[in-house]
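Derivation of every value follows stated rules applied to the coordinates shown; laboratory data play no part. Note that the structure is a prediction, hence the values are computed from the model and not measured. Note that each Cβ is placed from the backbone with ideal geometry, even for glycine, and that neighbours are counted across all protein chains shown.
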Amino acid sequence: MKLEHIQVPLVEGKREASYQMHRYYARKPSNIVSAYIQAYSQSNETVLDLFSGSGVTGVESIRAGRNAHVVDLSPLSAFLSRVTATQIDTSKLEGAFKRIEKAVKAEIESLYATTCPNTGEQVVPTHFVWAGPKNKPDEARISKVWYEIGDEKAERAPTPAEQEQADEAKKRHAEVWIPSTKLSYGDKEFQKSNVLKTVAELHCSRALLALGILRNAIQKERNVALRECLMLAFTAALQQTSRLVIVISNRGSKGGKKGKSTRSVEVGSWGRPSYWYPEDHFEVNVWNTFENRFKKVLRGKEQIVEELQGTRVVDGKARSTDSPTLHLHTASATHLTMLADSSIDYIFTDPPYGGAIQYIELGTLWTAWMDQEVDATQEITINPRQGKGAAEFESMIHEAFCEAHRVLKSGKWMHVTFHSKHFDIWSAILRAIVQAGFHLEHVLHQPPLRASSTALYQPFGSAVGDYYIRFQKRKKAAVVPEAMPDEDYEKVVVNSVKTILEEAGKPIMFQHILNRLFVLIFEAGALLNTKVDPISILKKRVGHEFELVPHEVDGEEVGSLWSIRR
Ligand SMILES: C[S@@+](CC[C@H](N)C(=O)[O-])C[C@H]1O[C@@H](n2cnc3c(N)ncnc32)[C@H](O)[C@@H]1O
């Protein structure tokens with residue numbers, strides 16, 4: 001059967017319930033990943049993702065009747081894939097949840113229970129706002145208590161007894177298991193100025209006790225698959241119950257459909273991908289958060305169980321059968337020793353983009369509560385605390401793609417997706433892949449479902465969305481072309497932008513230029529042999545070949561458009 005290459009961007013679909021069960025950074029749209037798998041592999045063939053993350057490639061492969069090997073250094077990745085793809089009876093899962101509810105809901109709620117001074121009723125608060133001096137978590141105190149009474153969303157100052165109730169929780173910590181994992185690599189802290197030094201300190205003492213009680217009950221579930229689904233709801237609840245949930249001033253919400261709100265603030269989220277201590281933060285009721293996350297897990301499993309009928313999930317390698325099989329490997333992509341030479345039919349993968357997201361650091365909140373230790377020495381990243389700079393990154397990425405080249409069958413394809421603001425990271429990854437022997441065939445810009453208007457209106461902004469880059473393993477390995485003199489490279493960049501603007505026939509946003517620029521530079525044979533960011537070249541050409549004109553939306557100036565200077 002003749003292969004039809006994907007040459008145009010695809011439309012990103014709505015995120016399915018099965019991919020809303022747990023958060024992960026940089027998750028790829030499943031409908032697009034699936035379209036690539038179906039175009040570049042046949043039923044019963046084997047697909048590989050060597051940087052699997054939340055596991056989209058693996059799950060979509062078995063869903064499409066392929067076998068898959070997925071590899072990631074973090075054990076969280078195999079856990080997410082396993083829980084997503086393992087067959088379970090969802091009515092049994094509901095039963096397992098009910099057992100947990102019966103065992104610990106009342107005990108957890110008693111940690112929060114209080115009396116409404118207006119009505120005298122017993123209530124279980126849903127949230128507490130904590131406030132205190134900057135960088136002094138030990139001195140933080142409750143400043144607001146939230147609960148619902150009838151239709152009303154109440155907010156009031158705490159009583160001394162409520163503060164005492166929260167502080168008392170610490171005395172019971174010895175009753176439960178709480179992780180002792182540090183937020184550091186040996187003696188080097190994840191973040192220099194951070195005041196929170198351990199995973200435990202990411203939660204206040206009452207949340208820790210509640211989480212400990214809950215985890216203990218989950219561990220008693222005997223059925224492994226059900227226990228893992230409950231653990232998924234548990235780990236998914238860890239962010240929202242942490243002290244990293246910020247307080248935002250009320251944006252005028254009046255409590256939505258559910259009635260009147262007298263609340264002065266709103267619940268934010270863990271805004272930045274780092275561990276930090278917001279002095280004003282929420283404490284969210286652990287039971288409620290777990291219950292909400294469980295509902296998402298149940299919905300996700302109900303959606304996917306039917307679709308994955310007849311497939312199986314195994315840890316590591318397994319005897320082959322007729323069923324599409326997902327093989328999970330917690331390992332480094334630089335050592336794919338579990339895979340034989342020329343055993344893979346298609347690779348779809350999404351590598352780390354320099355140090356933009358510190359996957360192992362950020363995953364520590366989850367892996368610590370899973371009681372898993374992760375050795376970051378093998379992580380492919382740029383991170384001075386791990387002693388890894390741009391050179392180490394490029395060399396590790398190269399090692400990983402040498403392995404990818406070894407295991408892929410000759411004549412077959414690999415797609416690598418990129419999302420990086422930094423051109424040097426981009427070109428380092430491309431160079432490393434071509435040096436591993438792959439032929440770079442095609443660059444495609446894949447726009448995101450929605451782009452923020454601030455990103456779009458920037459006159460010199462970086463690319464929004466992803467690039468999907470197609471490589472092929474041929475009999476003869478590829479070689480990186482000779483470096484092009486800077487002057488020639490500048491000409492390629494400037495001429496490419498001229499072409500884009502001439503074709504547009506009117507002033508356009510910089511984002512639209514970028515969408516095609518890398519493709520044109522690649523077609524001119526200049527993408528692989530330069531470290532010079534084309535954006536820096538273009539900035540210097542404004543006032544020469546190009547000019548910026550006002551960009552108006554509804555009569556208001558929102559930014560600038562690029563145009564050819566007449
Ligand atoms: C961009 S993410 C992949 C996200 C994935 N596409 C998804 O949809 O969820 C990159 C992944 O590479 C993993 N990683 C980093 N160093 C690695 C290594 N040496 N071997 C394997 N995986 C590694 C990280 O843990 C992270 O999950």
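May I have the convex hull volume per residue, in Å³, for the Cα set of region 1-114?
154
Please give the peptides 75-86, 524-535, 40-51 ranked by average Cβ packing (other Cβ atoms within 10 Å per residue), highest first, as a rough proxy for protection.
75-86, 40-51, 524-535
Just subtract the alpha-carbon distance of Ala483 and Val11 from 0.36 nm times their residue separation and send over the number in nm, one decimal.
Computed gain between Ala483 and Val11 is 166.3 nm.
Long-range amide H contacts for Lys153: which residues qualify at under 5 Å (H placed 1.01 Å from N, peptide plane, sequence gap of 5 or more or a different chain)?
So Lys153 has HN proximity to Lys260, Thr262.
Count charges around Asp322 for me, please; just the other residues with Cβ under 15 Å from its Cβ, Lys/Arg as +1, Asp/Glu as -1.
After counting each charged neighbour, the total is +2.
Divide, for the chain, the radius of gyration over alpha carbons by 2.2 N^0.38 Å, where N is the residue count.
In units of the globular-protein estimate, the chain measures up at 1.07.
Residues with beta-carbon under 12 Å from that of Leu80, excluding Leu80: net charge, scoring Lys, Arg +1 and Asp, Glu -1?
Here the charged neighbours net out to +1.
Of the options Ile213, Ile304, Leu196, report the single residue whose Cα projects farthest towards the positive end of the charge dipole of region 178-313 (beta-carbon charges: Lys, Arg +1; Asp, Glu -1).
Highest projection toward the positive end goes to Ile304.
Taking every DSSP beta bridge with both residues inside the chain, roughly what % is antiparallel (nearest 5)?
70
Roughly how many nanometres apart are two label points built 7 Å out from the Cα toward the Cβ at Glu107 and Ala131?
The two pseudo-label positions are separated by 3.5 nm.
Can you list the HN-Hα couplings for region 3-20, worked out from phi with the Karplus curve (6.51, -1.76, 1.60; θ = phi - 60°), rounded to whole Hz and with x for Gly and Pro?
7, 9, 5, 7, 10, 10, x, 9, 8, 5, x, 5, 5, 6, 4, 5, 9, 10
What are the ³J(HN,Hα) couplings of region 431-448, residue after residue, when phi is run through the Karplus curve with 6.51, -1.76, 1.60 and θ = phi - 60°? Round to Hz, x for glycine and proline.
Along region 431-448, the couplings run 4, 4, 6, 5, 4, 6, x, 6, 8, 7, 10, 7, 10, 10, 8, 10, x, x Hz.
If I take R0 = 41 Å and measure r between the Cβ atoms of Ala157 and Gln219 in this structure, what FRET efficiency does the formula 1/(1 + (r/R0)^6) give, to the nearest 0.05?
Efficiency, from the Cβ-Cβ distance: 0.60.
Report, for region 326-475, the % of DSSP beta bridges that are antiparallel, rounded to 5.
If we restrict to bridges inside region 326-475, about 75 percent are antiparallel.
From the phi of every residue in region 343-356, what ³J(HN,Hα) in whole Hz does the Karplus formula 6.51 cos²θ - 1.76 cosθ + 1.60 yield, where θ is phi - 60° and glycine or proline is x?
Couplings: 10, 10, 8, 7, 10, 10, 8, 9, x, x, 9, x, x, 4 Hz.
When the Kirkwood radius is taken over all Cα pairs of region 318-442, what Stokes-Einstein diffusion coefficient follows at 25 °C and 0.890 mPa s, in µm²/s?
Roughly 153 µm²/s, to the nearest whole number.
I'd like the distance separating the alpha-carbon centroids of region 9-57 and region 488-523, in whole Å.
What the calculation gives is 30 Å, centre to centre.
How large is the Rg to Rh ratio of region 409-566 when both quantities use alpha carbon positions and Rh follows Kirkwood?
1.00
Please give the per residue volume of the convex hull enclosing the alpha carbon atoms of region 486-566, rounded to a whole number of Å³.
Convex hull of Cα atoms, per residue: 94 Å³.
At 0.36 nm per residue, and after removing the present C-alpha to C-alpha distance, how many nm does the segment from Ala524 to Glu94 gain when stretched out fully?
Stretched fully, the Ala524-Glu94 segment lengthens by 149.0 nm.
Using 21 Å as the Cα-Cα cut-off, could you pick out the over-long pairs in Lys14/Lys92; Lys220/Lys317; Lys317/Lys476; Lys144/Lys296; Lys14/Lys296; Lys28/Lys539?
Lys14/Lys92; Lys220/Lys317; Lys317/Lys476; Lys144/Lys296; Lys28/Lys539
Would you list, by chain and number, the aspartates and glutamates whose Cα falls below 15 Å from the Cα of Lys192, excluding same-chain residues fewer than 8 positions away?
In chain and number order, the partners are Glu361.
List the residues whose amide H sits under 5 Å from the amide H of Thr198, counting only those 5 or more places along or on another chain, with H placed 1.01 Å from N in the peptide plane.
Residues meeting the amide H criterion: Leu183.
What net charge is computed for the residues neighbouring Glu291, neighbours being all others with C-beta under 9 Å from the C-beta of Glu291, Lys and Arg scored +1, Asp and Glu -1?
Value of the local net charge: +2.
With r defined as the distance between the Cβ atoms of Arg474 and Asp322 and R0 fixed at 35 Å, what FRET efficiency is calculated, to the nearest 0.05?
0.65
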